[in-house]
Amino acid sequence: MSVKKEASGRRSIQVEVEVPGTPEEVWQAIATGPGISSWFVPAEFEVQDGKPVAVTVTMGPGMESTSTLTAWEPPQKWAAQSDGWLPGMPPIAHEWSVEARAGGICIVRIVQSLFASTDDWDNQLESAGSGWAGFLRTLRIYLTHFRGQRAAAMKWMVPFAGTEAEAWETLTAAFGLKGLSVGQRCAAPAGVPPFSGVVEYATQHPNDALLRLDKPGPGVAALGTFNCGGPIMVALGFYLYGDQAAGTVAHETPLWEAWFQKRFPMPTEQGMSE
């Protein structure tokens, strides 16, 4: 994904996806805490005098980021700005917008930008763009099949002592999904906590797959491996929907936690450096 560079020093990436729903329905999914949490990561808006003024997202344990809102125009657009996520990085601005199209369709667009006089941070923007593209595909599945339903999630991400190709091979083989293709029905092989569903998305380079689940409950499973500028990471996440989602996640989390730790133990420092 290329970075757009302007004479003012503004550098930005833009990611968009076509989704079903009215602007108001889509707005609920991209501009409320429960909505964003249903396809991205846990999010919570701070409201003052009836208007959101900040949003906090939690990428993982101890990994919270708070952004100050700079625009709020429901149901078309909201924008926010936060500190850069690396030392010395300029502040990051985000703009989220909803554009209505004919036939009950909307375009969701995310623009992420910063101001810099060098190319030092371009790779960070490019990586963010790839990440957003994956999450927006989950948003599309959510709005297509589970719109407005309550959500609960469980997620794991660990470093892998090997190449990205080896990590993807290990992950898909463990799930019984080696050579997976879109539309393929899938179910848990022996030794894996029960799951079943259909492959909604699959790609390599980057290595990503999305499964629309009917077991352990209605939802989405996201599998991926990626290079985060150092170790290779293996990621597995479940978004479950409906009134039973929270209870299902509470029951399933220990099962998947044990399985994930067994199949992807934390590598030793020596193994990571090899």
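The values are calculated or read from the model by the stated rules, or taken from the named source; none is laboratory data. No experiment lies behind these values; they were computed from the predicted model shown. In this analysis, Cβ positions are derived from the backbone assuming ideal geometry, glycine residues included, and neighbour counts consider all displayed protein chains. Accessible surface areas use protein heavy atoms only, side chains included; no ligands, DNA or RNA. Shrake-Rupley method; radii C 1.70, N 1.55, O 1.52, S 1.80 Å.
Global dimensions of the range 139-274 from alpha-carbon coordinates: Rg and Dmax equal 14.9, 47 Å. Rolling a 1.4 Å probe across all protein chains gives residue 241 an accessible area of roughly 10 Å². Our summary of shape: the Cα atoms of the range 16-133 have principal axis extents of 44, 31, 25 Å, ordered from largest down, in whole angstrom.
Cα-Cα over 21 Å: which of 178/262; 155/262; 5/77?
Numbers: 178/262 19 Å; 155/262 15 Å; 5/77 23 Å.
Long pairs (Cα-Cα over 21 Å): 5/77.
Between 249, 182, 220, the GNM of the chain built on Cα springs shorter than 10 angstrom shows 182 fluctuating the most.
Counting only other residues whose beta carbon sits under 13 Å from that of residue 66, what net charge do I get with K and R as +1, D and E as -1? Provide the component values of the computation, followed by the final result.
Values: positive: none; negative: 44, 46, 64, 83.
So the surrounding residues net to -4.
Determine Rg/Rh for the range 69-134; Rg is computed over alpha-carbon atoms and Rh is the Kirkwood hydrodynamic estimate from the same atoms.
In the range 69-134, Rg relative to Rh is 1.05.
The alpha carbon convex hull volume per residue for the range 3-69 rounds to 149 Å³.
Taking the Cα atoms of the range 172-234, the ratio Rg/Rh between the radius of gyration and the Kirkwood radius comes to 0.99. Based on the Stokes-Einstein relation at 4 °C and a viscosity of 1.567 mPa s, and on the Kirkwood radius from alpha carbon pairs, the range 112-170 is assigned a translational diffusion coefficient of 86 µm²/s. Between the range 143-207 and the range 65-100, what is the separation of their alpha carbon centroids in Å? Each part's Cα centre sits 30 Å from the other's.
When Lys and Arg each count +1 and Asp and Glu each count -1, what net charge do the other residues less than 12 Å away from residue 125, Cβ to Cβ, add up to? Here the count lands on 0. Only helices enter the 222 nm calculation for the chain: every DSSP H run of n ≥ 4 contributes -39,500 (n - 2.57), and dividing by all residues gives -8000 deg cm²/dmol, rounded to 500.
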